[in-house]
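Student: Sharing a structure below in structure tokens format, with a few things to ask.
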Amino acid sequence: MTEARLSPVDQFFCVSLPRKTVIHNRRLGIFFRGLQVVFSIVMIMYCVSQEPWQQFSEPVGTDLVVWCSGTSVSPASVVSSSNSSSSSSKPHCHKPASYGHARHSDFQFRPDSCRQVPQHEACLETGPSLFVPTFVQANNNWRGTGRSCGSQAQGWCKSRSATAAYAVDASKGTCSCNVDQQYFLANPEAQRVLLLHGYEVDIAGGLNPRLVRGSSASGDKKTEGAPGDMKATEGQLITRIQSSSGEPCQVGGRSDWTEADARAGIGGELSEWLACAGLTLDTDPRSITPADAFPPHLRTMGLTLQLRLDYRNLHTDKFDEVDCYLTVVAIVTWTRRQRADLTRAPGPDVNNQEVLRSTMYGVSIELN
């Protein structure tokens, strides 16, 4: 059947009406409605099980760095405090022997002094973590040969420490001076621990990635777009410091840090970070984790302090306002670092050498 051709004038004054076919068949109607019901049930079950309205994109931490910026107490005042005999002196400096512990054969603690050390020894930085020593067990073993041995070497050895032991091996023509020392660092609580952090999230789910990046050091800007085509846009990242129970906790005088506050780093003294975990270096670890082998002070065994980052956007599909909840969590465990150095020791014989070994207990701070 061919369609009649109409002139342009007729087409202008014509009205087209749609055609509709109606099939009167009860079985076919039941089948059609049944398909609609099944499809509806499947979609409802999918939504209930998958909860697509609650799906979220997992951010990845970027630009994570933590460091020490020295102490807020001058060395002179620390030395004065450690030499003071008043009751207000720090107990670990005033009476170091009271921190002794010998219950475990592998962990024998006999501190006899309190020292101020250079900053590069007072805080060891390793990228997204750092270590603040609180207690040191040091062993210095000097070995001399030939003309280096004699009464002068013996007198020099004894002058190094009351615990120094001088020995001579006449058959080999050698001598040695072994010095064991155990001491506290004067004021590790005053170390200023600072950090910077940021995030990256793919909000496209991996298909045609659309990235959003923010940083605590980037001011009121974030970057957004496809990889290689990122553009700066307005954005806000606030870091909220809290305890493990979710209570706001002040470090450096505030619990909420804006980008303006965080430009030079987020943080404060180590004592403030510890307080967020409900601890001090003189807390008894056995009150947290019962263990007979533990000493009575965290200062001598160390601990791990985790700073956990949790990023949350306030508006769905928007990252103009992002909160980072920084939770301070303490893990009570033996925490130490070991170090050994071999040096050429002065003396008339070129074969003189000294081995410096140290085991440092302290606070390991991890940013994750």
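Student: Please list, ordered by residue number, the strands (runs of 3 or more DSSP E) wholly in region 46-125 having 2 or more residues that are out of contact with any His (no Cβ under 6 Å at 6 or more places or on another chain) and modelled with pLDDT of 90 or more.
Tutor: Of the strands (runs of 3 or more DSSP E) lying wholly inside region 46-125, those with at least 2 residues that are out of contact with any His (no Cβ under 6 Å at 6 or more places or on another chain) and modelled with pLDDT of 90 or more span 60-71, 113-115.
Student: Condition first: at pLDDT 90 or above, charged (D, E, K, R) and exposed (fewer than 14 other Cβ atoms within 10 Å of the Cβ). Now tell me which residues in region 315-340 satisfy that.
Tutor: Arg339
Student: Mind checking which residues of region 98-129 are small (Gly, Ala, Ser), surrounded by 15 or more Cβ atoms within 10 Å (Cβ to Cβ) and more than 26 Å from Thr71 (Cα to Cα)?
Tutor: Gly100, the sole residue that qualifies.
Student: Pick from region 249-267 the residues that are open to solvent by 30 Å² or more (accessible area, probe 1.4 Å) and touching a residue at least 40 places away in the same chain (Cβ under 8 Å): which of them is farthest from Leu196 (Cα to Cα)?
Tutor: Within region 249-267, the match that is farthest from Leu196 (Cα to Cα) is Ala260.
Student: Under 6 Å by Cβ, and 6 or more places apart or on different chains, what pairs join a residue from region 58-69 that is touching a residue at least 12 places away in the same chain (Cβ under 8 Å) and closer than 10 Å to Pro128 by Cβ with one that is part of a loop (DSSP other than H, G, I, E, B) and not polar (S, T, N, Q)?
Tutor: If the second residue must be part of a loop (DSSP other than H, G, I, E, B) and not polar (S, T, N, Q), the pairs left are Leu64/Pro128.
Student: Which residues, taken from region 170-191, are of a type in the set (A, V, I, L, M), crowded, with 22+ Cβ neighbours inside 10 Å and either free of Cβ contacts under 8 Å to residues at least 12 places away in the same chain or not in a strand (DSSP E or B) (or both)?
Tutor: Ala186
Yes/no matrix, rows are residues, columns are (1) touching a residue at least 40 places away in the same chain (Cβ under 8 Å); (2) within 24 Å of Ala186 (Cα to Cα); (3) open to solvent by 70 Å² or more (accessible area, probe 1.4 Å):
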{"site": "Thr289", "(1), (2), (3)": "yes, no, no"}
{"site": "Gly302", "(1), (2), (3)": "yes, yes, no"}
{"site": "Asp310", "(1), (2), (3)": "no, no, no"}
{"site": "Asn313", "(1), (2), (3)": "no, no, no"}
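Student: I've got another one for you. Is there a residue being of a type in the set (Lys, Arg) and under 30 Å from Gly70 (Cβ atoms) anywhere in region 207-217?
Tutor: No, the conditions are met nowhere in region 207-217.
Student: Among the residues of region 141-163, is any open to solvent by 80 Å² or more (accessible area, probe 1.4 Å) and under 38 Å from the mean Cα position of the chain (by Cα)?
Tutor: no
Student: Residue by residue through region 272-306, note down the ones that are small (Gly, Ala, Ser) and out of contact with any strand residue (DSSP E or B) (no Cβ under 9 Å at 6 or more places or on another chain).
Tutor: If the condition is that a residue be small (Gly, Ala, Ser) and out of contact with any strand residue (DSSP E or B) (no Cβ under 9 Å at 6 or more places or on another chain), then Ser287, Ala291 are the ones that fit.
Student: Can Leu194 be described as farther than 20 Å from Asn313 by Cβ, under 20 Å from the mean Cα position of the chain (by Cα), among the aliphatic types (A, V, I, L, M) and surrounded by 17 or more Cβ atoms within 10 Å (Cβ to Cβ)?
Tutor: yes
Student: For region 227-249, what are the residues that are outside any strand (DSSP E or B), out of contact with any helix residue (DSSP H, G or I) (no Cβ under 7 Å at 6 or more places or on another chain) and closer than 23 Å to Gln191 by Cβ?
Tutor: Ser244 - this is the single residue of region 227-249 that is outside any strand (DSSP E or B), out of contact with any helix residue (DSSP H, G or I) (no Cβ under 7 Å at 6 or more places or on another chain) and closer than 23 Å to Gln191 by Cβ.
Student: May I ask you to say which residue of Ser171, Ser148 is in contact with a Pro (Cβ under 8 Å, 6 or more places away or on another chain) and farther than 25 Å from Trp257 by Cβ?
Tutor: Every option except Ser148 fails the conditions.
Student: Right, something else. Taking region 134-169, which residues are assigned to a helix (DSSP H, G or I) and at positive phi?
Tutor: Gly146
Student: Restricting to region 229-248, count the residues that are open to solvent by 80 Å² or more (accessible area, probe 1.4 Å) and more than 21 Å from Asp310 (Cβ to Cβ).
Tutor: Number satisfying all stated conditions: 3.
Student: Report yes if Ala260 is among the aliphatic types (A, V, I, L, M) and over 19 Å from the mean Cα position of the chain (by Cα), otherwise no.
Tutor: Here the answer is yes, as Ala260 does meet what is asked.
Student: Oh, and also: For region 93-147, how many residues meet the condition of being touching a residue at least 24 places away in the same chain (Cβ under 8 Å) and under 19 Å from Asp180 (Cα atoms)?
Tutor: Selection size over region 93-147: 27.
Student: Considering every residue within region 351-367, establish whether at least one is among the charged types (D, E, K, R) and over 30 Å from Cys114 (Cα atoms).
Tutor: Among the residues of region 351-367, not one is among the charged types (D, E, K, R) and over 30 Å from Cys114 (Cα atoms), which makes the answer no.
Student: Please indicate, with yes or no, whether at least one residue in region 211-228 is among the hydrophobic types (A, V, I, L, M, F, W, C), surrounded by 15 or more Cβ atoms within 10 Å (Cβ to Cβ), more than 21 Å from Ala277 (Cβ to Cβ) and in contact with a Gly (Cβ under 6 Å, 6 or more places away or on another chain).
Tutor: Within region 211-228 (the criterion being among the hydrophobic types (A, V, I, L, M, F, W, C), surrounded by 15 or more Cβ atoms within 10 Å (Cβ to Cβ), more than 21 Å from Ala277 (Cβ to Cβ) and in contact with a Gly (Cβ under 6 Å, 6 or more places away or on another chain)), the answer is no, since none of the residues qualifies.
The values are calculated or read from the model by the stated rules, or taken from the named source; none is laboratory data. No experiment lies behind these values; they were computed from the predicted model shown. Methodologically, a virtual Cβ is constructed for each residue, glycine included, from the backbone with ideal geometry; neighbour enumeration extends over all protein chains shown. The protein model used for the area step is the full one, side chains on, heavy atoms only, and it has no ligands, DNA or RNA in it. Shrake-Rupley method; radii C 1.70, N 1.55, O 1.52, S 1.80 Å.
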